[in-house]
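Structure first, commentary second.
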Amino acid sequence: MPDDQHSRHGFSTRMSHAGRAGVRIHGFVNPAVHRGSTVLHPDCAARRDGAAKRFDQHMTYGTQGGPTHYALEDTIAEIEGGSRCTIVGTGLAAVVVPLLAYLKAGDHCLMPDNVYGPARNIASTMMVGWGIETTFYDPTVDEAAMAALIRPNTKVVYTESPGSHTFELQDIPAIARAAHARGAKVLMDNTWGIHNFQPFRHGVDVSIQALTKYVGGHSDILLGSVTVNSDEDHRAVRAASSTMGHYASPDDCWLALRGVRTMALRLRAQEAAAIEIAQWLERQPQVKQVLHPALPSHPQHALFKRDFTGACSLFGIVLDPRYGQEDMFRFVDSLTLFGIGASWGGFESLALPTTGFITRTAGTGEFGGQTVRIHIGLEDVEDLRADLAQGLRALG
């Protein structure tokens, strides 16, 4: 369909048609899986010209991607409102590639204290060895406080909103203003926001997603994306990805394209179910607090209302202070419909103890009780609520 007509359609319609040849093209509905390493050229001039255009989805070698990759890249860029996207093999790779695209020895990076654990790990280990210093900051920092943290050699301000374990929201526009005024790039892990937070409208330069989660949707692929909104940033990210040899399986890209077709429906169903269960959990005497940005009780709910158009199905709970870690384990172990697993965004519900398993160094993340992360899948709400109820009763 024409681009101007396509842009006026709703999200579900666009996800049904994105990355496809079109309804008037003879052939199968979905694009094919293109596997390959060697790319043949008709003559030397064509190969030379192709190498010069490799950042424009021109095939030169298998690691530069192919038609299946390009279809997914275009789709993810559309989801996030960006211009270009680079697909990599995992969500963690999507974190590492842009960090190393913009940071070198002698540079300084800022990361929120509630950042995804493996992102903290790369900053605290290998980046230290490469001569890159990282400061972990309070995620709820305001513009003035962020400005005070930025040094002359600060090149990257990394954000994650909300944090995927304890769900603090960040004032991304304020952080972006402070960063850009001092020449730093703003990177954001937008996996929770998916399309409900449009990063480039709020000042983000580079948006990171674990496509393993909602885009895949079925807990059977590992994939990541790095989306940008300028040619300059695309060249920087693509060059870093290529230099480090990052690559994604075309089969996984094809599965992600298939997942995209139903993502809008899954998101709506899981968002509604998660909010219903979160509201119910708020009323339970064993629960001290529910950490869900869409609830009015959330400390940064005003930011959620201002910047987000919806939520996803991941949130946290804080148990009453009278319960200790063993009680938390007993609660999680007693659940029969919730798996104990580290991912989220799939069709299945999960419960994961977080107290004692996350690192904080900036004095944040104290909630006065044991915390558990909850992911709501596509099971019936009544069944999930009954399972949680019997788990809470096991606490005594």
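Residues being loosely packed, with under 13 Cβ neighbours inside 10 Å, hydrophobic (A, V, I, L, M, F, W, C) and not in a strand (DSSP E or B) are entirely absent from the stretch 276-285. Suppose the filter is touching a residue at least 40 places away in the same chain (Cβ under 8 Å), touching a Phe, Trp or Tyr at 6+ places or on another chain (Cβ under 7 Å) and either closer than 27 Å to residue 295 by Cβ or assigned to a loop (DSSP other than H, G, I, E, B) (or both); does residue 162 pass it? Taking the combined requirement at face value, the residue satisfies it.
Residues checked against (1) at pLDDT below 95; (2) in contact with a Phe, Trp or Tyr (Cβ under 7 Å, 6 or more places away or on another chain); (3) over 30 Å from residue 301 (Cβ atoms); (4) not β-branched (Val, Ile, Thr):
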{"site": "234", "(1), (2), (3), (4)": "no, yes, yes, yes"}
{"site": "247", "(1), (2), (3), (4)": "yes, no, yes, yes"}
{"site": "257", "(1), (2), (3), (4)": "no, no, yes, yes"}
{"site": "271", "(1), (2), (3), (4)": "no, no, no, yes"}
{"site": "274", "(1), (2), (3), (4)": "no, yes, no, yes"}
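Restricting attention to the stretch 304-319, which residues are of a type in the set (A, V, I, L, M), touching a residue at least 60 places away in the same chain (Cβ under 8 Å) and farther than 21 Å from residue 213 by Cα?
To start, the set of residues in the stretch 304-319 that are of a type in the set (A, V, I, L, M) comprises 311, 314, 317-319.
Next, only the ones that are touching a residue at least 60 places away in the same chain (Cβ under 8 Å) stay: 311, 314, 319.
Result: 319, single match.
The residues listed here are 193, 224; of these, the one that is under 17 Å from the mean Cα position of the chain (by Cα), modelled with pLDDT of 95 or more, crowded, with 19+ Cβ neighbours inside 10 Å and over 26 Å from residue 67 (Cβ atoms) is 193.
Exactly one residue among 117, 131 is surrounded by fewer than 22 Cβ atoms within 10 Å (Cβ to Cβ), small (Gly, Ala, Ser) and touching a residue at least 40 places away in the same chain (Cβ under 8 Å), and that residue is 117.
Among the listed residues 248, 256, identify the single one that is part of a helix (DSSP H, G or I), crowded, with 21+ Cβ neighbours inside 10 Å and of a type outside the set (D, E, K, R). I'd like the intermediate steps shown before the answer.
On the way: 248 fails: part of a helix (DSSP H, G or I).
Of the residues listed, the single one that is part of a helix (DSSP H, G or I), crowded, with 21+ Cβ neighbours inside 10 Å and of a type outside the set (D, E, K, R) is 256.
One residue is enough: does the stretch 361-382 have a residue meeting the conditions assigned to a loop (DSSP other than H, G, I, E, B), at pLDDT below 95 and among the charged types (D, E, K, R)? Scanning the stretch 361-382 turns up at least one residue that is assigned to a loop (DSSP other than H, G, I, E, B), at pLDDT below 95 and among the charged types (D, E, K, R).
The values are calculated or read from the model by the stated rules, or taken from the named source; none is laboratory data. This structure is a prediction, so every number in the text was calculated from the model and none was measured. Every residue, glycine as well, gets a Cβ built from its backbone with ideal geometry; the counts of neighbours run over all protein chains shown.
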